[in-house]
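Laboratory data are not the source of any read-out in this text; all were calculated from the coordinates shown. The model shown is predicted, which means the values in this text are computed figures rather than measured ones. Heads up, the Cβs are rebuilt from the backbone with ideal geometry, glycines too, and the neighbour counts pull from every protein chain shown.
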Amino acid sequence: MPTYLLAWNPKRWDWDNLTEMSDAVRDGEKTAGRWSCGRSRRLQIGDRVFVIRLGEHPKGIFASGTIAKRPYEDRHWDDKKATAGETCYLVEVQFDTLLEPGVDQILPRESLNTSPFSSMHWDTQMSGVAIPDEVAEQLEKLWVNYATGHSVWIPEEVVEATPIFEGALNRISVNAYERNSEARRKCIAHYGTSCSICGFDFRQAYGVVGKYLIHVHHLRQLAEIGKEYQIDPIRDLRPVCPNCHAIIHRRKPAYSVKEVQAFLRDCNQD
């Protein structure tokens, strides 16, 4: 699938309704916005796009979606240039993920400095730059942790741990099985964002900064299946907090939700 990079520099344009749009996307509402694509007219309906924040920290990728309307010429997004009669090409983007930099954890710009991402020029001054297929494929895998709202990655299968003699760091290679953001959304829409094991709710505990923060646990372990399968978000998924999620994976095969619930009951009865 053709994939393109769109850029946002807060120093040049103030996205004043970003919070409202981000909340709408998380709520599963159909949310679109128009975006400059430079002078490019290559983007087609259905093409994949990522949006990167540049210019000031935090820098990194914070949104993704698909093209809903092909490039068209309209008044320039910069008010001064528009007043001078300048135009630009715009596209309409249907967002599937829209994080709020400074509130949500976004994919850091520094994460893109290693291969294969380093072959792409991320600090672009224009939007509509094509992302090579091999880079886009790996970006999708890296992005899924942010798109699904997982603030803590719990690898289900460690393949190897290779020491790097720079400080006390270890490089961990894992099998990162694909997570589907739409399945996550449907699971949360049905069960809510409270932990299905202990009842913990990030929003109640931390306020707005904890809104929508919850892990989604696969009752049927993807690492054991080892292949793509059709998921039922209501039957196969449960929202769990990071603590309970960590306990679930303290054993292999993983503990069940009911087993961890029993652990809590037994401790509370002591």
Rg(Cα) / (2.2 N^0.38 Å) computed for region 3-147, rounded to two decimals: 1.00
Which peptide among 27-39, 93-105 comes first, and what is the full order, when sorted by highest mean count of other Cβ atoms within 10 Å? 93-105, 27-39
Read phi for every residue in region 195-205 and hand back ³J(HN,Hα) as whole Hz from Karplus 6.51 cos²θ - 1.76 cosθ + 1.60, θ = phi - 60°, with x for Gly and Pro. 4, 6, 9, 10, x, 5, 10, 4, 5, 5, 7
Length gained if CYS198 through ALA82 is fully extended, taking 0.36 nm per residue and subtracting the Cα-Cα distance, is 36.3 nm
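Using a Förster distance of 22 angstrom, determine the FRET efficiency expected from the C-beta separation of GLU20 and TYR72, and round it to 0.05.
Details: r = 25 Å, r/R0 = 1.12.
Approximately 0.35, to the nearest 0.05.
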Net charge over other residues, Cβ less than 14 angstrom from the Cβ of ASN243 (K, R count +1; D, E count -1): 0
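Starting from 0.36 nm per residue, how many nanometres of slack lie between ARG12 and ASN113 once their C-alpha separation is accounted for? Don't skip to the answer; put the middle values down first.
Values: separation 101, 0.36 × 101 = 36.36 nm, distance 2.45 nm.
Contour length minus Cα-Cα distance gives 33.9 nm.
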What's the ranking of 51-61, 117-127 by average number of surrounding C-beta atoms within 10 Å, highest first? 51-61, 117-127
Spatially proximal lysines relative to LYS81 (Cα-Cα < 22 Å; intrachain offsets below 8 disregarded): LYS11
